[in-house]
């Protein structure tokens, strides 16, 4: 269970509509307004990311019609969804749970707010750099080396705020979410440092490629899966007021994901020019990814046993459950392709684009919704503007993201087998100009991916409309206010229920 808390009530306070930013983000403490700001900024970046990814899918299928190349559009989509949405939103979720699990005020709230503003500005600068062609084309971002330095500094801010807040904690018991949070904020800047190292002048092109793959795979595993799953543990226990089924299963999920890390990413270069031992290690350690994903999904299912009927008015919990099981599917597909026998077919095909899309625009978006939809009313004092929008979000995201992933997986397998067959039968050369002979066999499947991408984009709009609508037109509800001791930092805390009358 969560740490115990004392509750107090206070007469509702009347509040009038105002355009003031503080009123928009809620009347709670500065820490909770920072949470609202992170979710709001993340929602705006998700719309941008969804548009870029849809254009990227279009350029993948209709390369001759697209005014911008697939590589450039994909880099812009990755920047906005990974840094603008997933880092921003999951950091907001971290700042939401930290005071509630530690019993102390969020450390240096001004620094957390500066970090949000800096991340927003850097994402826009990064997009401009890609548009102007200033980068070197390295995946997943394609940025010039000098933009990595400020980004690394900004990614260190959540680590500092988190560690310093936990260092001043008053609660003697620790909930499992803190394990996942500490792991995520520690691994993220280290992953980006490894990515930045690929731009050093003495690094070979092969090492640079492995650096890119380690970062992309590590971001999915050590940030999206770890932090998203950890925050959702808090959501389930908090919203339904039920105990977690097993701390042991949570530990298995945490360490399996941490142990798998980024190793499964190197499977994309199977039989490549790298060291021979990497293929075997990738296959072996890649198995830890589905184990960790399944452990977390099973733990939540066991926790919800006997309580499934209570989810009808808990759209955030539904989103998180779907995200966890979609994560199991993505993990199994990634692990399956990590074996050299399968990787010889799937390497360098759309199969790995499917893994990336499913992890970022499927699992990542759903797990963020799992914490955002339940946290927003508590930090803003406004209920979700509508239950229909989050339900539409869940439906369209499952159909859209799932459809894109299935289409790209099938396209990758068709292309891979076509290249293998062409090479073995000597019907055509599967390199140079002959590359298109195998890729062309998947044109219809790529067209399906574009169609499903439109549906997924509707889901992303529904998510953004839910977050923005909650802050602007949501009905006033009792709001959770954290009250600290007289020293303002290490006192005990209570929860005060405060209403708002906007009529």
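What is the Cα radius of gyration of the range 6-501 over 2.2 N^0.38 Å, N being its residue count?
Dividing the Cα Rg of the range 6-501 by 2.2 N^0.38 Å gives 0.97.
What residues of the range 247-273 lie in the reach of a label at residue 204, counting those whose backbone N is under 11 Å from a point 7 Å from the Cα along Cα→Cβ?
It comes to 273, nothing else.
Order of 95, 210 from fewest to most other C-beta atoms within 10 Å?
If I rank by nearby Cβ atoms, fewest first, I get 210, 95.
Write down, largest first, the equivalent ellipsoid semi-axes of the range 185-239 in whole Å, where each equals the square root of 5 times an eigenvalue of the alpha-carbon gyration tensor.
For the range 185-239, the ellipsoid semi-axes come out as 32, 9, 4 Å.
On full extension of the chain, what length is gained from residue 114 through residue 307, given 0.36 nm per residue of separation minus the C-alpha to C-alpha distance?
65.4 nm
Just grab the label-to-label distance for residue 139 and residue 247, each label 7 Å out from Cα along the Cβ direction, in nm (one decimal).
Label at residue 139, label at residue 247, 4.2 nm between them.
Taking the Cβ of each residue in 387, 326, 287 as the centre, tally the other Cβ atoms inside 10 Å and list the residues starting with the fewest.
Taking fewest neighbouring Cβ atoms as first place, the list is 387, 287, 326.
Relative contact order of the range 128-216, please, whole-number percent, based on alpha carbon pairs below 8 angstrom and at least 6 residues apart.
Dividing the mean separation by the residue count of the range 128-216 yields 28 percent.
In what sequence do 194, 119 fall when counting other Cβ within 10 Å, fewest first?
Result, fewest neighbours first: 194, 119.
Roughly what would the spin-label model give for residue 153 and residue 69, points 7 Å off Cα along C-beta, in nm?
The modelled label-to-label distance comes out at 3.1 nm.
Each value in this text was obtained by applying a stated rule to the coordinates, not by laboratory testing. Since the structure is predicted, the reported quantities are computational estimates derived from the model, not experimental observations. Positions of Cβ are generated from backbone atoms using ideal geometry, with glycine treated the same way; all protein chains shown enter the neighbour counts.
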